[in-house]
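Data first, discussion second: the structure below is written as structure tokens.
The values are calculated or read from the model by the stated rules, or taken from the named source; none is laboratory data. No experiment lies behind these values; they were computed from the predicted model shown. Cβ coordinates were reconstructed from backbone atoms using ideal geometry, including for glycine residues, and neighbour counts include every protein chain displayed.
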């Protein structure tokens, strides 16, 4: 009887493993031929598997040979990791294929690592698809920790500030407002009919960073920009779906399995062709005394070699590509989430524009009318439009577009709580666990901008357990630009339109699609002119 019970239980376990393997193959767009590859990897692993390092944080249940926790993490790993936190604590280890990855959950653990011990967690781990995209460390975002990274980042930050990533004289605010007006006019053309606003927002946001990087903007119907936009979307999708190749890099040599890497390479070629053409155009018209954009600053530095030792054309290419990717996808998706939540919360949409001196019961549009009048919002109004800011902060909390951040790596052996983390260990900060922690955010699944307002109605800009732009040495390079864009685009749209779900259509989903960023499922809306 016991034997029959064990046989039945073993059959259930085998069935679960088979179903899980099939699911992960489906998620990654792979075919059943990869089973043979995994079998070979399993035999190699059984022969050469290294001993687990001492005093590493505990493993959650669900680990299987070769694949580790890949099956257990599923399609929404940020949700799984947050659920595991309740059982295994703030620090635990997940096995990604043959590699141990330390996961940090909760405000205390993440802040201690990324901020208080910033330099010890400031590197990046190898990741084949990421590295393929950004030139294997030739960029800023995924470059390993060291003097080259620090010089590139400092140079890029200075250049962007000179180009207007700041408030006050010389700000890029007017460029953003121009794009906001064009977007508003574009949306108005639909006269309240259903529209997928994603492309329009993407063009507007991309034009801001394009004007800073190579002094150019694109029209909404421009074929070159459409190809670039589609390439970015494809790359971001493939990077999310194709991480099996980053876990098992040898799979890039297996026909069919390597579809993601080939797709990424092809789309990158399109983007880099445009960037190289821009570099050539800038060389022909370079004014050494008056650099106009980021490429001009880079080309001057290539000649002088004063601030970035050993700067190469490849560095310039991938740094510019960083700005294009980072300055487009993240802000676009945050704005899409903000409009989605306005549709789902019409009462909050009405309150979005409440004045600094009025009560929170007044309607949002009234605040914009009272403070801004007939003109469009400017950054000078930001300090007065508290509820507008609170709405944007709540969007970044409840649907943070980078729930697991970009992976970090330790630069030396470090102790986290009672555990020892070796040098070079990949570390995954689970920012979703901070932003959905009921200890800091009661009823965290409820959209409530008032969380970010104090008793006097003033904005709480830096609450605990809130790190939408990460933190420490790897904090988002374009944070200030993103905040400027989010405020100006969002307030301009909300001043101009009331957003609704098309009649008869279901409300948009808040689940999101997990990839490199957390994106909303495609949805339509009606923008009713005010």
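What to note about this one:
Conditions (1) touching a strand residue (DSSP E or B) at 6+ places or on another chain (Cβ under 8 Å); (2) more than 30 Å from residue 496 (Cβ to Cβ); (3) modelled with pLDDT of 95 or more, marked per residue:
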| residue | (1), (2), (3) |
| --- | --- |
| 137 | no, yes, no |
| 145 | yes, yes, yes |
| 176 | no, no, yes |
| 179 | no, no, yes |
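- Hits in region 361-372 (condition: surrounded by fewer than 23 Cβ atoms within 10 Å (Cβ to Cβ), under 21 Å from residue 456 (Cα atoms) and at pLDDT 55 or above): 370, 371
- Among the residues making up region 509-530, those that are closer than 30 Å to residue 407 by Cα, touching a strand residue (DSSP E or B) at 6+ places or on another chain (Cβ under 9 Å) and not in a strand (DSSP E or B) are 512, 520, 521.
- Strands (runs of 3 or more DSSP E) contained in region 394-507 and holding at least 2 residues over 19 Å from residue 343 (Cα atoms): 414-416, 419-421, 426-430
- Within region 163-203, the set of residues being surrounded by 14 or more Cβ atoms within 10 Å (Cβ to Cβ) and not in a helix (DSSP H, G or I) comprises 163, 164, 165, 166, 167, 171, 172, 190, 192, 194, 195, 197.
- Any hit, region 98-106, residues being surrounded by fewer than 21 Cβ atoms within 10 Å (Cβ to Cβ) and part of a helix (DSSP H, G or I): yes
- Region 130-159, subset within 17 Å of the chain's Cα centre (by Cα) and assigned to a helix (DSSP H, G or I), residue surrounded by the fewest Cβ atoms within 10 Å (Cβ to Cβ): 131
- Screening 260, 269 for residues that are modelled with pLDDT of 90 or more and either surrounded by fewer than 17 Cβ atoms within 10 Å (Cβ to Cβ) or not in a loop (DSSP other than H, G, I, E, B) (or both) leaves exactly one candidate, 269.
- A single entry from 291, 255 fulfils the requirement of being over 24 Å from residue 165 (Cβ atoms) and either over 26 Å from the mean Cα position of the chain (by Cα) or not in a helix (DSSP H, G or I) (or both): 255.
- Taking the criterion of being farther than 23 Å from residue 416 by Cα and crowded, with 17+ Cβ neighbours inside 10 Å, the residues of region 54-72 that qualify are 62, 64, 66, 67, 70, 71, 72.
- Selection within region 335-360 - part of a loop (DSSP other than H, G, I, E, B) and at pLDDT 95 or above: 345
- Among the residues listed as 60, 53, the single one being modelled with pLDDT of 95 or more and part of a loop (DSSP other than H, G, I, E, B): 60
- Residue check for residue 239: crowded, with 19+ Cβ neighbours inside 10 Å, in contact with a helix residue (DSSP H, G or I) (Cβ under 7 Å, 6 or more places away or on another chain) and closer than 23 Å to residue 74 by Cβ: yes
For (1) at pLDDT 95 or above; (2) within 30 Å of residue 176 (Cβ to Cβ), each residue gets a yes or a no:
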{"position": "418", "(1), (2)": "no, no"}
{"position": "442", "(1), (2)": "yes, no"}
{"position": "469", "(1), (2)": "yes, yes"}
{"position": "474", "(1), (2)": "yes, yes"}
{"position": "496", "(1), (2)": "no, yes"}
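- Which listed residue is under 30 Å from residue 163 (Cα atoms) and out of contact with any strand residue (DSSP E or B) (no Cβ under 8 Å at 6 or more places or on another chain), from 478, 504, 457: 478
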